[in-house]
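The values are calculated or read from the model by the stated rules, or taken from the named source; none is laboratory data. Keep in mind the model is a prediction, meaning the values are calculated, not measured. Cβ placement follows ideal geometry from the backbone for every residue including glycine, while neighbour counts extend to all protein chains displayed.
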Amino acid sequence: MGLPPLILASRSPRRKRLLRQIGLKFTVRPSDVREDVLDHEPPERNAKRIALTKARQIAKGRKSGIVIGADTIVVLGKRILGKPRTQADARRMLRSLSGRTHTVYTAFALIDAATQKKTVRIEKTKVWFRTLSRREIAEYVASGSPMDKAGAYGIQDDYGAVFVERVEGCFYNVVGFPLTKFYKTLQEFLHHRR
């Protein structure tokens, strides 16, 4: 099947790696949309709005191609944990996640630049953290790895991988992109644009 050009509106190395893993060819045009979380919106709506805004920004002015926008939000209780701003912020987030269960939401948006047709989907995964020691948290934060990740950890990282006891739902969603849901949605989207 001849795919139209795919454009990823993200600079996330994890999303690039995951899309390549399923054999997709795409170009990267990172969006510079601010990932502002609005307190009055539930996490699902925040993630969908941000993903769609990223895709719209890159689709605007293009004549062709399918633009992919995405956003991941980590929720602990009623609190949304974004990307840490400082190392102290990352340590605080990891201490709060330690020994508890949280939820990861990843939304993705597809926009056909030629027609402006769009779809937005979301995936939700529950994640159980084991109890972390102060030393583990300090060493992980010192590595720099948590600084570009929602919730201050990466399940695919060396240390981040051993923080998680189990997940309920899509593993790849926690990495930053729900591959199965995305693949099925892309197939439907391409089928309906013919």
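Yes or no: region 153-176 includes at least one residue that is touching a residue at least 60 places away in the same chain (Cβ under 8 Å), in a helix (DSSP H, G or I) and of a type in the set (S, T, N, Q). So far as region 153-176 goes, yes, one or more of its residues are touching a residue at least 60 places away in the same chain (Cβ under 8 Å), in a helix (DSSP H, G or I) and of a type in the set (S, T, N, Q). Being within 21 Å of Q116 (Cα to Cα) and over 17 Å from the mean Cα position of the chain (by Cα) holds for only one residue in L52, L6, and it is L6. Of the residues making up region 6-27, those that are out of contact with any Pro (no Cβ under 7 Å at 6 or more places or on another chain) and surrounded by 14 or more Cβ atoms within 10 Å (Cβ to Cβ) are L6, I7, L8, S12, R14, R15, K16, L18, L19, L24, F26.
Contact annotation: no residue pair with Cβ atoms under 8 Å, 6 or more positions apart or on different chains, pairs a residue in region 34-52 that is free of Cβ contacts under 8 Å to residues at least 24 places away in the same chain and under 10 Å from V120 (Cα atoms) with a partner that is among the aromatic types (F, W, Y) and part of a helix (DSSP H, G or I).
Counting only residues that are under 21 Å from Y105 (Cβ atoms) and touching a helix residue (DSSP H, G or I) at 6+ places or on another chain (Cβ under 7 Å), which one in region 23-40 is modelled with the highest pLDDT? Going through the qualifying residues, I end up with S31. D71 falls short on exactly one of the conditions (1) buried (at least 19 other Cβ atoms within 10 Å of the Cβ); (2) assigned to a loop (DSSP other than H, G, I, E, B); (3) free of Cβ contacts under 8 Å to residues at least 40 places away in the same chain, and that condition is (2). Answer yes or no as to whether G160 is at pLDDT below 95 and small (G, A, S). Yes.
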